[in-house]
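For reference, the structure is listed below as structure tokens.
The values are calculated or read from the model by the stated rules, or taken from the named source; none is laboratory data. None of the values given here were measured: they were computed from a predicted structure. Virtual Cβ from ideal backbone geometry, glycine too; neighbours counted across all protein chains shown. To get the accessible areas, we keep the full protein, side chains included, count just its heavy atoms, and leave off ligands, DNA and RNA. Shrake-Rupley method; radii C 1.70, N 1.55, O 1.52, S 1.80 Å.
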Amino acid sequence: MRPFRTLAIALLAVSCTCLATAQTIQINRENKTIAISTTDEATAVADIAAITIGFEIFKPDADSASAEGGRRSHAIMDALHKAGVDDKSIESKTQDVHRNTNFDDKENAAQRTQRQYRAEQSWEVSTTPQRAGVILRVAIAAGANQSGAIDWRLADRKALQAQAAGNALVKARAVASQMADGLHIKLGALIYASNESPNARIYFARPREGAVMYTDSASIASLPVGPPLEIHPQTIREEATVYAVFAIE
């Protein structure tokens, strides 16, 4: 009897689940509704530039590679601090000293002897888009020869997601209203809505004229001669899909 009892319990659980779903929203002849599924988006210019700052060096032995790596690491950190970057905006990514096995075919024996060990280190430095060029420049001047990749972010990503869902809901009502007009009926209130997890997409924004890269005189004084790179923030797009059910009056 135990197998039949187990089956009965399973069927009861399924019945309860179906009943709970049916109580959430009922679509039938007595409860006339229009159901719409729409997708819309919201965009905003990135306000955080997460820059990869790093270096790579080659030395004949592990001790000299570690020593030069430590010297360059401190030099880069000092340069970033002088440029106004605090420790909270700096996160370590990679650090390593190991034997080099990747040589160029054009290198002779003497050159390979000087490149037996490789040291590397990198950080992610968060700053405003306007200061990205300055930060890159002072880091490269201090020895960061493997730098430049930027991950563009928003400080309040959830607000953009909510805006995308709101835009999709407005669009759903507009579509439902058009359907109701075509059927010569009156659209009623929203009785149910849900949104799926939005898909984040990023695309390049058009460069804006006259972007200001320097923000204070201290940063200008600490820079080498010449202008920094022209860097413009990307535009971040959030997409949301909404399923909405409207009553028919």
- Message: Regarding the stretch 117-133, can at least one residue be identified that is outside any strand (DSSP E or B) and either among the acidic types (Asp, Glu) or free of Cβ contacts under 8 Å to residues at least 24 places away in the same chain (or both)?
- Response: no
query: Can you find even one residue in the stretch 224-235 that is modelled with pLDDT of 90 or more, touching a Lys or Arg at 6+ places or on another chain (Cβ under 7 Å) and not basic (Lys, Arg)?
result: yes
Picking from Gln95, Gln121, Gln114, the residue that is modelled with pLDDT under 95 and under 19 Å from Arg71 (Cα atoms) would be Gln114
Exercise for the section: For the stretch 76-83, state whether one or more residues are surrounded by 14 or more Cβ atoms within 10 Å (Cβ to Cβ), at pLDDT 95 or above and in contact with a strand residue (DSSP E or B) (Cβ under 6 Å, 6 or more places away or on another chain). Expected result: no
Within the stretch 125-151, the residues that are open to solvent by less than 30 Å² (accessible area, probe 1.4 Å) and touching an Asp or Glu at 6+ places or on another chain (Cβ under 9 Å) are Val125, Pro129, Gly133, Ala142
Residue hits (the stretch 93-107; open to solvent by 100 Å² or more (accessible area, probe 1.4 Å) and not in a strand (DSSP E or B)) are Thr101, Asn102, Asp105, Lys106
Looking across the stretch 152-161 at residues that are surrounded by 15 or more Cβ atoms within 10 Å (Cβ to Cβ) and hydrophobic (A, V, I, L, M, F, W, C), the single one that is nearest to Lys93 (Cα to Cα) is Trp152
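Here's the yes/no breakdown for (1) surrounded by 15 or more Cβ atoms within 10 Å (Cβ to Cβ); (2) at pLDDT 90 or above; (3) in a loop (DSSP other than H, G, I, E, B); (4) of a type in the set (A, V, I, L, M, F, W, C):
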| residue | (1), (2), (3), (4) |
| --- | --- |
| Gln163 | yes, yes, no, no |
| Asn167 | yes, yes, no, no |
| Val170 | no, yes, no, yes |
| Gln178 | no, yes, no, no |
| Asp181 | no, yes, no, no |
| Ile185 | no, yes, yes, yes |
| Ala205 | yes, no, yes, yes |
Scanning the stretch 134-161 residue by residue, the ones that are closer than 18 Å to Val45 by Cβ and not in a strand (DSSP E or B) total 8
Checked Arg157, Arg153 against criteria (farther than 27 Å from Asp78 by Cα and within 16 Å of the chain's Cα centre (by Cα)); the one match is Arg157
